[in-house]
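Quick notes on the structure that follows.
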Amino acid sequence: MGSLFTPLSWNDSGLILAGIWNTIVISVVAIVIGTILGLIIGFIRSESNKTVNLILSSLLDILRSVPLIIQLILFSTFVGAWGYPLEPFVAGSIILSLYTMAFMSEVFRSAFESVHSSMLTASRSLGLSYWQTVFYIRLPIGIRTVFPSWLGVALSVIKDSALVSVIGYMELLRTSDQLISRTQQPLEILLGVGLFYFLISYPLSLYGKHVERKMAL
Amino acid sequence: MDYQFHWNTVFQKMPEMLEGAFVTLHVSILSMLIGIVIAVFLAIVKMNQIKPFSYISSVWIEISRNTPALFQIYMAYFGLGAFGIHLSPYVAVLSALIFVNAGYLAETFRGGFQSIPKTQYSASKSLGMTNFQSYWYIILPQMFRRIYHPMTNQFVWSILMSSLGILVGMSELSGETQRLQSLSFRTLEFFMVAAVMYYIITKFVLISASLISRRLFKGEI
Amino acid sequence: MNLFKKLTICASLVAVLLPTVSSADKLDDVIKKGELNCGVVLDFPPMGYFDKDNKPLGFDVDYCNDLAKALGVKSNVLNLTWSDRIPSLVSGKTDVVIGSTSDTLERAKSVGFTYPYFIFKFQVFSKNKIASFDDLKGLKVGAALGTTYETEYLAYAKKHGWGKDNYTAFKSENDAFLGLFQGKIDAIITTNTNIATKLQTKEFKDFSAGPFVPNYDDVVGLIAKRSEVSWINYLNLFLIHQIRDGNMNKHYNTHFGADAPADLIQALRDNK
């Protein structure tokens, strides 16, 4: 038999890069889809009456009050039992996108509500239609105000994407777990993983703070 | 769908599941309480630029906010283990949650404090209040109102993230669920019940928080 | 011919044809798909592990490849942890799990087991030599979460009033070894085969294999969806052929460095 424990080597760089790539891909997918869905739901929520809001918010609440790890296990097992087994990447993207949507919809609801009603009256009196007001007035102004919160949610999605490892998606953390099994060197590998997340997240969070400060002026 | 649900298996294991839920509550409450104490310290040294603590505070805050919780838990468990520091799964998860809670709450506290206009402080001084009085009666109550909601969210986050205990073999709700489902291989049933239990716990926390806030702030938010 | 007659003929035609065009089962699916998704626990040497090029190796992996070859399809080995095994089957990610699954009657209510394909002993592994199983009292003991040896240890501890406080669960087999290696715990319970393999590494050569879990043989089978009876039939025949054609002994030799013990082969032949 071959040797059981072997140290990290350059042979592993391909595997690590694939893990990094997979983390980036699933985060981007979830953020993009989650933002689009969140924008739509946020808009519906800001435009609807109390009953519709209550129904929507209690549905979204489920996504926000069950741990992501359990949502992932349940969903991927359930669709399989239902007869439509999904690849870990697909199942993970769906749940992570919905999870993102739940938080993004709050962000965008406050975006739409942040635009003062006098602006809307003004734009309507200028002859803009309802949808023109939405697209040219409310959306641009609203999005600018909530950009820092949007970035906050996006950053937490990048970090939460590590959980998709539980359903077998070979993202960075699962890759490192496999390497730890083989090398018995947890510290070096974990520190590398931590550094990667930090290098992605920290500059973005600094940028978010910078924007926030600029807007406060 | 060719899956047949066997709910009896889960109901027989209900006492163990509830025990797990209790551990979940326990660890998240504790992580919140200790996290708040540390966060106050981190926020104070950072705002007053007390060196070298303010550097430690900044590093703490940035690392806790910019790395995944899963990484922090692994680090507390196997990372520290490499240095011969051996935390039990419970303590490892607890310390990781404290680490994150303190980091996030420190920023919340700092933001809350800075949102109170300085003029309030001078006004209360000009009314003849002492330093302590102006903080205790004027600044802190207003600040508390602003940080109450983010604190509730942080608590809910702690409950949800304690589920990562599953990955270091801790027997909180998720870990216990994982163990029980391995005995009978009834994955769907056990995790569905766990999901419902998490939902009830977080709803309970949110509803009590909003009831308490109504009493505390009497509608004036 | 009136409408009623036409309808009756149609209905009886459908009734006759339906059973013959019944949906393809798992065996057909795998052959048509041209690929066998085979789940293996890859941190459980020598049954399954990764080599330095991150390629899966091991006794179970060889079984996957043999099975795929017998079916005439490509073999796709998926890495699972102990607790991933069932979700992976239910969710259809794997067609079969060759992952040392203990065939308890409780589990057989949920998944379909084949005949046994291997028999393990559960054994104590520790830094300091442990003479008898009762010496574990007061020591910090660990095992992988959701395994039969965890259950056996906990049952033994409960019977002897040791309590659960000294027990630590790990999410995977390797995490348990890592915990032992780092000194988090004094001893772990695992299988004799895994211990024998680990003793050959420089990391674990100073550790010592201790007593067996009293009165327990861990008989393991392949698992598949319970409803896929004809698929399980095929798997059973495959296991018989592995012994008959000498593949079992060949792989045993590769991974354990000796011929398979006669009593193991006999026990498997007797389906114990």
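Bear in mind these aren't lab numbers, they're just calculated from the coordinates by the rules spelled out. Predicted model only: the values in this text are computed from it and were never measured. Backbone-built Cβ (ideal geometry, glycine too); neighbour counts: all protein chains shown.
What to note about this one:
- Rounded to 10°, Cα long-axis angle of helix A:68-81 versus longest principal axis of chain A: 80
- Degrees, to the nearest 10: A:172-183 long Cα axis against longest axis of chain A: 10
- Amide hydrogen neighbours beyond the local backbone of C:Q123, cut-off 5 Å, H modeled: C:T190, C:T191, C:N192, C:V213
- Fewest-first ranking of C:T147, B:T9, C:T168, using other Cβ atoms within 10 Å as the exposure measure: B:T9, C:T168, C:T147
- Contact order relative to length of chain A, as percent, for alpha carbon pairs under 8 angstrom and 6 or more apart: 32
- Karplus-derived 3J(HN,Hα), 6.51/-1.76/1.60, for each residue of region C:195-208, Hz, glycine and proline x: 4, 4, 5, 5, 4, 7, 8, 6, 5, 10, 5, 8, 7, 10
- Shown here for region B:170-221: GluC sites (Glu not before Pro) in loop regions (DSSP other than H, G, I, E, B) with at most 13 other Cβ atoms within 10 Å, namely B:E220.
- Cα gyration tensor shape for region B:7-217, rounded if a/c is under 1.5, else prolate or oblate: oblate
- Annotation: the residues A:I41, B:I166, C:I265, A:I94, sorted from fewest to most other C-beta atoms within 10 Å of their own C-beta, follow the order C:I265, A:I94, A:I41, B:I166.
- From least to most packed, judged by other beta carbons within 10 angstrom and beginning with the fewest, C:I223, A:I158, A:I33 follow the order A:I33, A:I158, C:I223.
- Estimated FRET transfer efficiency (C:Q200, B:I50; beta-carbon r; R0 41 Å; 0.05): 0.15
- Along region A:90-101 the Karplus relation, 6.51 cos²θ - 1.76 cosθ + 1.60 evaluated at θ = phi - 60°, assigns HN-Hα couplings of 5, 4, x, 5, 4, 5, 5, 5, 5, 4, 4, 4 Hz to successive residues, with x for each Gly and Pro.
- Modelled spin-label separation between C:F212 and B:Q120, with each label point placed 7 Å from Cα along the Cα-to-Cβ direction: 7.3 nm.
- DSSP-loop trypsin sites (Lys or Arg not before Pro) across region B:102-204, with at most 11 other Cβ within 10 angstrom: none
- Mean separation of Cα contacts under 8 Å (6+ apart) over length of chain B, as relative contact order %: 29
- 3J(HN,Hα) along region A:51-60: 4, 4, 4, 5, 4, 4, 6, 6, 5, 5 Hz, from the Karplus curve 6.51 cos²θ - 1.76 cosθ + 1.60 with θ = phi - 60°, whole Hz, x for Gly and Pro.
- Seen against the Cα atoms of chain C and their longest principal axis, helix C:3-20 is set at about 30 degrees.
- Estimated from helices alone, the mean residue ellipticity of the protein assembly as shown at 222 nm is -20500 deg cm²/dmol (sum of -39500 (n - 2.57) over DSSP H runs with n ≥ 4, per residue).
- Span-like helix ranges in chain B, DSSP H, alpha carbon extent 18 angstrom or more, Kyte mean at least 1.6: B:14-47
- The protein assembly as shown shape via C-alpha gyration tensor axes, a/c threshold 1.5: oblate
- Projected label distance in nm at A:A122 and C:N54, using a 7 Å step from Cα toward the beta-carbon: 5.6
- Rel. contact order, % - alpha carbon contacts under 8 angstrom, at least six apart, region C:121-217: 52
- Gain on full extension, evaluated as 0.36 nm per residue between B:V37 and B:V59 minus their Cα-Cα distance, stands at 6.2 nm.
- Taken about its Cα centre, region B:7-217 carries a charge dipole of roughly 840 debye when the Cβ of each Lys and Arg holds +1 and the Cβ of each Asp and Glu holds -1.
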